[in-house]
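Peer 1: Sharing a structure, written as structure tokens. Questions coming.
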Amino acid sequence: MRLRTHLRILAAVVTAALAALAAVGAVRELNRAGAVQDYADTLERLQQPSFALVTELQAERRMTALHWARGPVNAAQLGNQQALTDEAAFALRELADEAPDSAVRPPLEAALRGVSGLTGVRERAAERSGDRDEALEAYTRAIEQTIAVHIRVRAHNGSLAQGSRPLTALLQAGESLALQDTLLAGAKDGRLTAADHARFVQAVGVQRFAYGTLAGPLLPDGEKDRYDAVTDSKEWAEKTRIEDAVLGVSRASGSPVTLPAATAGWQETYEHLGPGLTGLATARIQALADDAEDRAGELRMTAYAIAAGGVLLVAIVLGTVLWISRAIVRRAEEVRSSALAVARRQLPQMIVRLQRGEDVDLSALPAQVAAADEFGEISNVVARLAEEVVEAARVVHEERYGFEKFAEGVTMRSVTLIFAVLRTLDELQHRYADTDPALLSELYELDHLTVRVRRQLENLLVLSGGAVTNPHTEPVHIANLIVDAAGESRGFAQVTKEFQAEAWVVPEVAGELTHLIAELIENATTYSPSGYEVFVRATHTATGVAIEVEDKGRAPENWYFEALNGRLLDVPPYAVLAKSSDQLGLFVVGQLAQRHGVRVTLQQGRFGGVLAVVLVPSALLTGAPEQLADRTPVRKPLPGRSGPRPAKRREPTAAGLVRREPARGGGPTGPVRPIDPAPGLAPARPADDGVPDPERRRPPAPATPAGPAAEPQPATAAVPAAPAAPEHVRPEEPLPVRVKKPHPEPAPRPAPRSLPDPTEELPVTATPQIATEPTPEAEPAPAPARPAARAGGLPQRVPGTSMAGQLRDGRRRPATAMDRRPLDSIESAFTQLQEALTDPEEDSDR
């Protein structure tokens, strides 16, 4: 998950948390405001009906007491009062049905049940039957249950609950004073029973405590003034005097109490105090309702403020978080961009340049600066790591370069030794050519194996960054190049060549291109079953020449082809090569192809095997030597390669051997398919360049005295140094058609009676016009450099000449015919050389 996403999640979480807190606070305040508002509404709804019911119940209780004491109250008056009580109870019942507060509904229902239970009491009071005290107690319970409705109403606010305490005291004090009035009014014959006197005393105590302790001190200032006005009045003083008089009457235990004469003014005093005391309770209820209204409004405003403040805080926090997040993301993007630029562009370019041996400018890397924050420290770490990587790459390159130079030097010394071995083999072949044919055959095989060893050493030279020694100083025909490559490969007897391209390769790349094709041919012959052909074709394309090497082995899967082609197109570094020693030839082919811009692709062939296609671009092609002769360019020898050396005298090696230059020639090859020759065909290199060819097992040219040879021989290998076509080639000679002969399986070979040189260079010559008639036989032309075949049938080898003509003497045509035939006749000679190697007995029987 990206840093930006993390910061967005953080901002969302913080914002959601703050919004939730603000919402919870606002909702809580709104709920409190609603509860307080419900309290105010309940007080306002209960004020009139409850007070009316209490007042009517108190009045009915007093009249019942008077009626029971046979006072001035008749049944009609009592009935009217009872009707007023029922009306007040009905109003309260309607309020109970609409009451939303579940805490108010139970006391309301209890008060209404108490009023309903007064039916029997009323009947007994009308008949003055039953217990008077029980009747009065029933009225008192109903009054107390009605007063309890106000007490059970919850304020849901501390200040309101504190303000409801004086209301409770006022209601209880008023009930006590009303009970005192009832007891005095019900005193029969001016005397109180002992129980009524005890109730009176208790009622006075409750009334005085409630007014003096619970109500008066707790009332607010405005209501306290009204309370003080009541308690400071003469009526209040008169009430207190009468109460004190009744309380001060002495009596015997259990005997009635005679009321003092002061009680005569009680009724008048109570009627004056009653409205004032009731007004205190009513004012307290209204004040509580008003306070509740105000408090509910404050709570609503608080809720709105919390909501608005929450929204503002969320906006501020969200903006701050986004600003900080953007700053963090911006700094992170700067560090990320710098790190990616270093990792993806600067470091790879520098490492590539270091791998090429070029100098790099470390100032292009990010510089270390004073770190102002953690991102600055990370930037410094990235810069430091980049410097360490470049330095490590420099050290690795220097070490690898040193090892490459060491490997190149050791390889060059080994190649030099191989050249010396090849020259020694040439000398041995020349020495035992007439005396021991079996040994000569084994020397040929050892010579060819040594050539392959030299090619493997040249692989190491390529892998170490060096260049394969190039002996060519003139353009090389594509046919000669393929013949040379086939001669360097194992299984050369399986190779079938088809030349359909008339092209010349520039001499500077001919050596390494030959090495590239030789690697592909050897890979094809290695993985082809024994006896199956490997086809090598050369054809023209729109962009150059395509050389195809196709075997008949088993092709891998398509994904494997893609992987191999990827390695050929983009050669992997040496670290990949170091993981496994497999496919070293593929690595060498990729290196050479990348070095010269040659494209090599592998695909499935037509016969189910592997088809390797080498696209040689036009930039590596040139005209025939005849076209280049007029320019007479001055060629500079390439580094690590031999330059033009036609007349250069070779210095002996440290061992005293004649130095063998790394020339490439056509080794033993398989059958060659005929083609239509094109004008300008010439040998791969001038025959008189004085450079011996190791692959063709040619001994070093000895110094011979001037003069003619002992016996004239056909001149087939000697070609004039001038690029013009040889004079002895006749235009009317046709290109013979050859039917390929299948190769038998190798068998133990005896000493051959007449064994040709399998790697003798056969010149590929042509003229602008090729005749279509067969070449007639001719008499051998004198050639001082070529001796005649010996009596034993084994040709005599002379440096710089070919023995193919000697092999054909007396069988197909005179010795001079070999020097006059076109390309296909020369290819036929290669076929005979191959057959002589593969089946000596058949060659001896011919």
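The values are calculated or read from the model by the stated rules, or taken from the named source; none is laboratory data. Worth saying up front: this structure is predicted, and the values here are computed from it rather than measured. Here Cβ is always computed from backbone atoms with ideal geometry, including for glycine, and neighbour counts include all displayed protein chains.
Peer 1: Of everything in segment 124-155, what is without any contact (Cβ under 8 Å) to a residue 12 or more places away in the chain and either of a type in the set (Lys, Arg) or under 17 Å from ALA89 (Cβ atoms) (or both)? Give them in sequence order.
Peer 2: Listed by number, the list holds a single entry, ARG124.
Peer 1: Is there a residue being acidic (Asp, Glu) and either within 22 Å of PRO625 (Cβ to Cβ) or in a helix (DSSP H, G or I) (or both) anywhere in segment 487-495?
Peer 2: No.
Peer 1: Which of (1) assigned to a helix (DSSP H, G or I); (2) under 31 Å from the mean Cα position of the chain (by Cα) does ALA372 not meet, given it meets every other one?
Peer 2: Of (1) assigned to a helix (DSSP H, G or I); (2) under 31 Å from the mean Cα position of the chain (by Cα), only one is false for ALA372: (1).
Peer 1: Which residue is farthest from the chain's Cα centre (by Cα), if the candidates are limited to segment 513-549 and must be of a type in the set (D, E, K, R) and either under 13 Å from ALA486 (Cβ atoms) or surrounded by 24 or more Cβ atoms within 10 Å (Cβ to Cβ) (or both)?
Peer 2: Within segment 513-549, the match that is farthest from the chain's Cα centre (by Cα) is GLU533.
Peer 1: Are any of the residues in segment 296-312 among the basic types (Lys, Arg) and not assigned by TED's automatic domain parsing to the domain that holds THR168?
Peer 2: no
Peer 1: Now for a different question. Mind listing whichever residues of segment 240-267 are among the hydrophobic types (A, V, I, L, M, F, W, C) and in a helix (DSSP H, G or I)?
Peer 2: ILE242, ALA245, VAL246, LEU247, ALA261, ALA262, ALA264, TRP266
Peer 1: May I pose another question? What is the number of the single condition among (1) under 30 Å from GLU334 (Cβ atoms); (2) exposed (fewer than 15 other Cβ atoms within 10 Å of the Cβ) that GLY402 does not meet?
Peer 2: (1)
Peer 1: Among the candidates GLU508, GLU474, GLU445, single out the residue that is without any contact (Cβ under 8 Å) to a residue 60 or more places away in the chain and more than 26 Å from PRO573 (Cβ to Cβ).
Peer 2: GLU445
Peer 1: Check off (1) surrounded by fewer than 15 Cβ atoms within 10 Å (Cβ to Cβ); (2) over 25 Å from LEU46 (Cβ atoms); (3) free of Cβ contacts under 8 Å to residues at least 60 places away in the same chain; (4) not small (Gly, Ala, Ser) for ASP294 and give me the number that stays unchecked.
Peer 2: ASP294 satisfies every listed condition except (2).
Peer 1: From the list THR240, THR320, THR282, which residue is outside the structural domain of ALA155 (by TED's automatic domain parsing) and either at negative phi or of a type in the set (S, T, N, Q) (or both)?
Peer 2: Testing whether each residue is outside the structural domain of ALA155 (by TED's automatic domain parsing) and either at negative phi or of a type in the set (S, T, N, Q) (or both) leaves just THR320.
Peer 1: Do the conditions hold for ALA16, that is, is it within 60 Å of the chain's Cα centre (by Cα) and in contact (Cβ under 8 Å) with a residue 60 or more places away in the chain?
Peer 2: So ALA16 fails the test.
Peer 1: With the requirement that a residue be without any contact (Cβ under 8 Å) to a residue 12 or more places away in the chain and either within 30 Å of ALA17 (Cα to Cα) or outside any helix (DSSP H, G or I) (or both), what does segment 325-369 give you?
Peer 2: Listed by number, the residues that qualify are ARG326, ALA327, ARG330, GLU333, ARG356, GLU358, ASP359, ASP361, VAL369.
Peer 1: Exactly one condition in (1) of a type in the set (Val, Ile, Thr); (2) in a helix (DSSP H, G or I); (3) under 40 Å from the mean Cα position of the chain (by Cα) is false for ILE306; which is it?
Peer 2: All conditions are met except number (3).
Peer 1: Let me ask another. Considering only residues that are of a type in the set (A, V, I, L, M) and touching an Asp or Glu at 6+ places or on another chain (Cβ under 9 Å), look in segment 137-154 and name the one that is farthest from PRO49 (Cα to Cα).
Peer 2: VAL153
Peer 1: Let me ask something else. Given the residues PRO49, PRO72, which is the only one that is out of contact with any His (no Cβ under 9 Å at 6 or more places or on another chain) and assigned to a loop (DSSP other than H, G, I, E, B)?
Peer 2: Going through PRO49, PRO72 in turn, just one is out of contact with any His (no Cβ under 9 Å at 6 or more places or on another chain) and assigned to a loop (DSSP other than H, G, I, E, B): PRO72.
Peer 1: Another question about this same structure. If you check ALA327, ALA281, ALA364, which single one turns out to be farther than 27 Å from ILE9 by Cβ and under 30 Å from the mean Cα position of the chain (by Cα)?
Peer 2: ALA364
Peer 1: For residues that are without any contact (Cβ under 8 Å) to a residue 60 or more places away in the chain, within 38 Å of the chain's Cα centre (by Cα) and crowded, with 17+ Cβ neighbours inside 10 Å, tally how many sit in segment 587-623.
Peer 2: The number of residues fulfilling the criteria is 3.
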